[in-house]
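Written out below as structure tokens is the structure these notes cover.
The values are calculated or read from the model by the stated rules, or taken from the named source; none is laboratory data. Predicted model, so just to flag it, every value in this text is computed and none were measured. Don't worry about glycine lacking a Cβ; one is built from the backbone with ideal geometry, like all the others, and counts go over all protein chains shown.
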Amino acid sequence: MEYITRKTMLYKTGVEYGDYTMNHVLGCTHGCKYPCYAFMLKKRFGQIKSYDEWIEPKIVSNTLELLDKEIPRLKNKIQSVQLCFATDPFMYGVE
Ligand code: SF4
């Protein structure tokens, strides 16, 4: 599995049922074709180039370091954290 890094991890979502969210993985082995909203969004904004790239997920390697910095700053604002708008947290075939 490939790794990427991010500058931030926790962010306030605009989705009405959500509060904060985090995406510690980019891509999803399920590769749903009905179509996947996350895939379309990531492709549209240039974070993913193709379907083949999407089904080879990348882990954000600095997730824990980012959370160590962000949780103390945001803990009084956060009611819940949604996993994950840009993957499925229970992908098969992934350790
Ligand atoms: S993120 Fe959800 S909809 Fe998209 S491919 Fe994975 S399981 Fe399917």
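Taking the listed residues K49, K43, the one that is over 30 Å from N76 (Cα atoms), basic (K, R) and in contact with a Ser or Thr (Cβ under 9 Å, 6 or more places away or on another chain) is K43, with no other qualifying.
Could you list all residues from the stretch 16-64 that are small (G, A, S), more than 13 Å from the ligand (Cβ to nearest atom) and in contact with a strand residue (DSSP E or B) (Cβ under 7 Å, 6 or more places away or on another chain)? First the steps, then the outcome.
From the stretch 16-64, those small (G, A, S) are 18, 27, 31, 38, 46, 50, 61; that's our starting set.
Checking which are more than 13 Å from the ligand (Cβ to nearest atom) leaves us with 18, 46, 50, 61.
Those that are small (G, A, S), more than 13 Å from the ligand (Cβ to nearest atom) and in contact with a strand residue (DSSP E or B) (Cβ under 7 Å, 6 or more places away or on another chain): G18, S61.
When T63, T29, T87 are checked against the criterion of being farther than 14 Å from M1 by Cα and modelled with pLDDT under 95, T87 stands alone in meeting it.
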